[in-house]
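What follows is one structure encoded as structure tokens, with my remarks underneath.
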Amino acid sequence: MSSIEELREQFPQLSTKVYGKPLVYLDNAATSLRPRSVIEKWDWMSARYSANLHRAVHFTSAKATEEFEAAREEVADFINANSPKEVVFTSGTTQAINLLAFCLGERKGFLNVGDEILIGEEEHHSNILPWQFLAERKNLKIKVLPVDERGALRLEELPRLISDRTRICAVAQVSNVLGLVNPVRQIADYCHSRGVLLVVDGAQGVVHCKTDVQAMGADFYAFSGHKLYAAPGTGVLWGKKALLDSLPPYMGGGEMVGTVKWEKSTYASVPHKFEAGTQNLAGVPTFGHAIAWVYKFRNYPELEGVKRYMLEALQDIPGLRLFGVPEAPEEKIPVFSFTVEGAHHEDLALILDKMGIAVRSGQMCAEPLMDRYGVTGMVRASFAPYNTQEEAEYFIKSLKKAIKMLK
Amino acid sequence: MTSLEEAKAAVVGDFSMMEEWLDKYEYLIDLGKNLEPFPEELKTDDRLIKGCQSRVWLDCRSDAGVITFRADSDAIITKGIISLLISVYNGRTAAEIAADDFSFLDKIGLRENLSPTRANGLVSMVETIKREAQQYV
């Protein structure tokens, strides 16, 4: 096993300096950094294999198609999909959920006026707004599955919130603010016992949790490449094959057709039915290298120690409130959102920035959750396996200094 | 009263003595803490400046064309920035403010050195100050 230093060398951005100080990148939940292998693959695809997919008979197009379809197999294997045909490439989680919400809305006989959608209170806007759009279009009702003070979803509310009219339940595997691993299997079992489809936003979860979509019991699962060390503008919508087959297409265009006639057209089968237009030719093939890094990182236990240190050190700071408090450390991924009494989140983030530390501040695309806790925003420090204990200690020291400046 | 140009030069002078960004923040935090209290009843949505991560309120009054701004923010560095702006522009005529190019902000590095979201916030603050003054020209 190579050392953490050798591993960090593979992520070029880690050696950059900001304001003359070494960059301490703790905004991984927003987007991860990319390793050389991903950057090289991305570059190689642009430089050598620029050709459109599935269409032409020429050599380069065949090669590009091969690379693209190989990524589909790697992703399918990574999340334990039944078949690569269940893997639809999108531009990210956002597009995946928008695509799904649109297509479920157009699925014949599935939704009727007054039907209900249940959404977790801690969801990212990307797992709220597409459902709100759908509800407005189809005259549906949105219900909210609340979280408790600690940040855990209140599963005991499920029987009260799921009615005979509930069709869809949308929750995150892990919230981008709270970082708590939700009991998705339990939610899935309950949903299925009531005939409800479960849509899981895996944007954060797929990075830190071993993800098996079949064992999880989800009907649909969405995630982004850019948080998983792959190229930005890549993402996945996984769905059970029979369900994907039952959906109409999303966008019309090249690549997704069977035959096009003025009278009536037919469409390609899944997954290509959902992949209209030119795809992210250079980005998608980076998934293989990105996934290889996920496996490699699982052999580095350092992050587990960093997480435990952060949980203790943060809660020792007077006036600091941590959101997403796990009962045991295993229940949380290394995402730490907090507020500090008497210190505004934006001020803290600005001062930390000048100390070389990149963190997120604000509502974190989860305004309903901010309202639930009665705050205008939070600071979030989110770690990746390439972050070190020294960086965590520097963060805590800098945070204390920033608080002192503001008080 | 000092002229607008003298007031700007004084701010540029203060900032030129601070090499470290943390010192500049200390300075802004002090300004923010010492800003005159803003009446709670003026914290209305129409006084909120859009485009800032934190909430910033600006109230503008004219007495025969001479402008008085009052402001507040829930974030202290932002409050320092708006405090600095209104200390320079308070007591000037509406015409003088509306015609100003605010380029002294570049000289103190406030524009380029602040993060993009903050830089946008600053742009919104400047635009709001100019727009508010414009209506009394």
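FYI, it's all coordinate maths here, none of it is from the lab. Remember, predicted model here, so these are calculated numbers, not experimental data. Virtual Cβ from ideal backbone geometry, glycine too; neighbours counted across all protein chains shown.
Some notes on this structure:
- Among B:G51, B:I86, B:P39 - extreme Cα towards positive end, dipole of chain B, charges at beta-carbon: B:G51
- Note on A:K332: lysines with a C-alpha under 19 Å away, same-chain residues under 8 apart excluded, are A:K210, A:K227, A:K307.
- On Cα atoms only, tilt of A:36-48 relative to the major axis of chain A in degrees: 40 degrees
- Counted by Cβ distance under 12 Å from A:I79, the other residues give a net charge of -3, where Lys and Arg count +1 and Asp and Glu count -1.
- Other protein chain Cβ atoms within 10 Å, averaged over every residue that makes up A:13-20: 1
- Prolate/oblate/rounded label for chain A (Cα gyration tensor, a/c 1.5): oblate
- Euclidean distance of C-alpha centroids, segment A:65-106 and segment A:362-407, integer Å: 32 Å
- Peptide B:14-21 has a mean of 1 when you count, residue by residue, the C-beta atoms of other protein chains within 10 Å of its C-beta.
- Helix A:389-406 vs. chain A, principal-axis angle (Cα, 0 to 90°, nearest 10): 70 degrees
- If you run the Gaussian network model on chain A, springs between alpha carbon atoms under 10 Å, then out of A:A47, A:A70, A:A62 the most flexible one is A:A47.
- Extreme residue, positive dipole direction of the protein assembly as shown, given options A:L153, A:F133, A:C209 (C-beta unit charges): A:F133
- The tail of the calculated P(r) for segment A:282-407 beyond 18 Å holds 57 percent of all Cα-Cα pairs.
- Compared with the dominant Cα axis of chain A, that is its longest principal axis, helix A:184-193 is turned about 40°.
- Exposure proxy ranking, count of Cβ atoms within 10 Å, fewest first, for B:C52, A:C169: B:C52, A:C169
- Exercise: per-residue mean of other protein chain Cβ atoms within 10 Å, A:23-31: 0
- Count of lysine pairs in segment B:4-134 with Cα separation under 17 Å (8 or more residues apart, or interchain): 10
- Cα gyration tensor shape of segment B:4-134, rounded if a/c is under 1.5, else prolate or oblate by comparing a/b with b/c: oblate
- Listed from fewest to most Cβ neighbours within 10 Å, the set A:H124, A:H192 follows the order A:H192, A:H124.
- The chymotrypsin sites (Phe, Trp or Tyr not before Pro) of segment A:247-347 meeting both criteria, a DSSP state outside H, G, I, E and B (loop) and at most 10 other C-beta atoms within 10 angstrom of the site's C-beta, are A:W262.
- Burial ranking of peptide ranges B:9-17, A:20-28 (average Cβ count within 10 Å, highest at the top): A:20-28, B:9-17
- Shape category assigned to segment A:115-193 from the gyration tensor of Cα positions, a/c cut at 1.5: oblate
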